[in-house]
Amino acid sequence: MSLAPMVGASFAAADYVVFAFMLAVSAAIGVYYAWTDRGLRSSDDFLTGGRRLTALPVSLSLTASFMSAITVLSNPAEVYRYGASIVFYGLSYFITMVVTSEVFLPVFYRLSITSTYEYLELRFSRATRLLGTLLFIVQTILYTGIVIYTPALALNQVTGMDLWSAVISTGVVCTFYCTMGGLKAVVWTDVFQVGVMLAGFLSVIIRCVVLKGGVGPVVTDSLHGGRLDFWDFDPNPLKRHTFWTVTFGGTFVWVSIYGINQAQVQRYISCRSITHAKLSLFINLMGLWCILLSSVFAGMCLYSVYKNCDPWTMGVVSAPDQLMPYLVMDILGNYPGLPGLFVAAAYSGSLSTVSSSINALAAVTVEDLIKPHVRVPEKKLSWISKVLSFLYGALCIGMAGLASLMGGILQATISIFGVIGGPLLGLFSLGILCPFANSKGALSGLASGLVVSLWVAIGAQIYPPPPALSRPLPLTTEGCNLTASDSLNRSATASPTHTSHITSSAAQLGHGGNLLADNWYSLSYLYFSPLGTITTITVGLLISLVTGGWKRKVESRLTLMKTDTTLFCIVKALKDRLTTRAAKPDPTQGEKKHPGNINPAFCDIELDYMK
């Protein structure tokens, strides 16, 4: 359904100025680093910032990289429809940072590699490296096209902002600063864009709190509407969101992003020391928590405003992702510049994700597909890296155009992108944690993990889980008072009536006795990644043992060593301290053993001169 913007609330000149300012600053950062680093001509300087970056900017860049516009628009809509259970992602973020800093970071940093897939050749074989690289390239190009197009569509239908002008302008600016400034430009634009994202959320939250008369009414409305009933410890893996699916399943998803994804690894291995690298991960954790809590509270505000009259059920918006832009135009439309700030926040999420992806794509292409096969002077490699950044940027804009024709396949593509990370995580885990894993086991495990996870994900798209498992919360339209212009009048005083979208018992129970659809395909989407990881590791270990992997000797630098872990360093420091204390002589004990003068020139025996 085509949706027109609300009458009396559309994008003003001030909103376009704010949006253009965000793009201009991002481009200016690229120009600045292109000028300051003009004397640095190596591809390593372009792709890793010369490995001289510090913890703070890298941490903010890590935060921005996968907090895309889909996060800005979808997280509040998720809370609006399903409740605030996604707040448990905060726990999965913490576990992710511990696992990444203790298991994956020490190995990658020690090897000083630019591409994570270079590790696969060092540990297994060139075929494993090429397969991992190709999977990464395909999924990243598909994902970045969707990241550009999906928010543009949602914002266009609500704000009236021209769709393709927004897509092309953001794509061009992103490609420009990636090509000009390399990783340094990407990192520092990410720092700026994190600030814009938080400012956009705060503008909506503050206005909602003022409208509702304080934080209390927002929380009360969410509580009475069931949006805060998130303490669900049911271990059933078929339920969409429980404590276990969000924390356990979410941990696998995020470890596959922070632990092995080129876009993230490339940032923390560019730090000047491993201490800065580990510190960047934990500062980034603070940023992730801030954005998560902001998005969850924004979702609570969204419900509080529309608790009596749901715009989605009424057909005023055609998709849940349009709810936040609709709210922005509804409550901030009379404040020129603030809708532009929120749109800039959404597109900052897109820019940060796409720029990270472009830079990572250029890195893996140079390191995995060019360097091993063609001898190219270092100066030319730098130019090749810039050309690749430009080409990948153009390709991502093209993918946004293709995404506009894909319709309902968009969500399937996003799911498949997440699913591929699980088997890849299993592959790297085999190499780092299992010294007897060999290349035959690695390739067999990766293939098995991909088949199983894709099978479940595609089946879930064909046979969506029934509402009894996805459990959307009730929404109502009984408080609506539509005017002739079809805009919503929220001044209606009707009390909320819980009206469920579940209309038939058959839809609630399942798919008519289809065992695969009712069980296997109804698995929570957050378990797709653990399923792929566990399958890859299990098959990989079995094949490795059968094919003689237990006889293989692997270089210790390619696996996790006990000296890499923080726990070992702490225990060693404590032992050293205790040993030092034990070695010091006790003055009291010394006096007892050696009473009097211990100078050998004197004798303690009394002589008898009469003998």
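The values are calculated or read from the model by the stated rules, or taken from the named source; none is laboratory data. Please read these numbers as outputs of a predicted model, since none were measured by experiment. Ideal geometry is used to build each Cβ from the backbone, glycine not excepted, and the neighbour counts take in all protein chains shown. Surface accessibility is based on the protein's heavy atoms, side chains included, excluding ligands, DNA and RNA. Shrake-Rupley method; radii C 1.70, N 1.55, O 1.52, S 1.80 Å.
Between residue 220 and residue 538, the FRET efficiency from the beta-carbon distance, with R0 = 51 Å, is close to 0.60. Accessible surface of residue 436, taken over heavy atoms with a 1.4 Å probe and every protein chain present, rounds to 70 Å². Once the Cβ-Cβ distance of residue 318 and residue 574 is raised to the sixth power relative to R0 = 56 Å, the FRET efficiency obtained is 0.35.
At a Förster distance of 60 Å, what's the computed FRET efficiency of residue 581 paired with residue 14, Cβ-Cβ distance as r, to 0.05? In this case the efficiency is close to 0.35.
Sorted largest first by accessible area at a 1.4 angstrom probe radius, with every protein chain in place, the residues 314, 97 fall in the order 314, 97. Suppose every K and R has +1 on its Cβ and every D and E has -1 on its Cβ; what is the size of the dipole of segment 210-313 about the Cα centre, in Debye to the nearest 20? Dipole size: approximately 400 debye. Annotation for segment 277-356 versus segment 117-177: alpha-carbon center distance of 21 Å. In this structure residue 229 has an accessible area near 110 Å², from a 1.4 Å probe over the protein heavy atoms. Summary value for segment 221-318: 24 percent relative contact order, contacts being C-alpha pairs under 8 angstrom separated by 6+ residues.
Each of 572, 307 has its accessible area taken with a 1.4 Å probe; listed largest first, they run 572, 307. With a 1.4 Å probe rolled over the protein heavy atoms of all chains, the accessible area of 224, 276, 241 falls in the order 224, 276, 241, largest first. Along segment 363-374 the Karplus relation, 6.51 cos²θ - 1.76 cosθ + 1.60 evaluated at θ = phi - 60°, assigns HN-Hα couplings of 5, 5, 5, 5, 6, 9, 10, 10, 4, x, 10, 10 Hz to successive residues, with x for each Gly and Pro. Annotation: extensible slack from residue 561 through residue 379 equals 61.9 nm (criterion: 0.36 nm per residue apart, minus Cα-Cα distance).
Computed with a 1.4 Å probe on the full set of protein chains, the accessible area for residue 121 sits at about 50 Å².
Probing with 1.4 Å while keeping every protein chain in the model, the per residue accessible area of segment 57-123 equals 20 Å². Length gained on full extension, residue 24 to residue 202, computed as 0.36 nm times the residue gap minus the Cα-Cα distance: 61.9 nm.
Evaluating 6.51 cos²θ - 1.76 cosθ + 1.60 at θ = phi - 60° for every residue in segment 385-398, the Karplus couplings come out as 4, 5, 5, 5, 4, 5, 5, 5, x, 5, 5, 5, 5, x Hz, glycine and proline recorded as x.
Averaging Cα coordinates gives a centre for segment 517-577 and one for segment 370-402; these two points are 33 Å apart. Compute the distance from the alpha-carbon center of segment 208-267 to that of segment 432-469, in whole Å. Value for the Cα centre distance between the two parts: 24 Å.
Derived scalar couplings between HN and Hα for segment 127-144 equal 4, 5, 4, 5, 5, x, 5, 5, 4, 4, 4, 5, 5, 6, 5, 4, 5, 5 Hz in order, rounded to whole Hz, by the Karplus curve 6.51 cos²θ - 1.76 cosθ + 1.60 (θ = phi - 60°), x for Gly and Pro. On full extension, the segment bounded by residue 243 and residue 134 gains 35.8 nm, given 0.36 nm per residue less the C-alpha separation.
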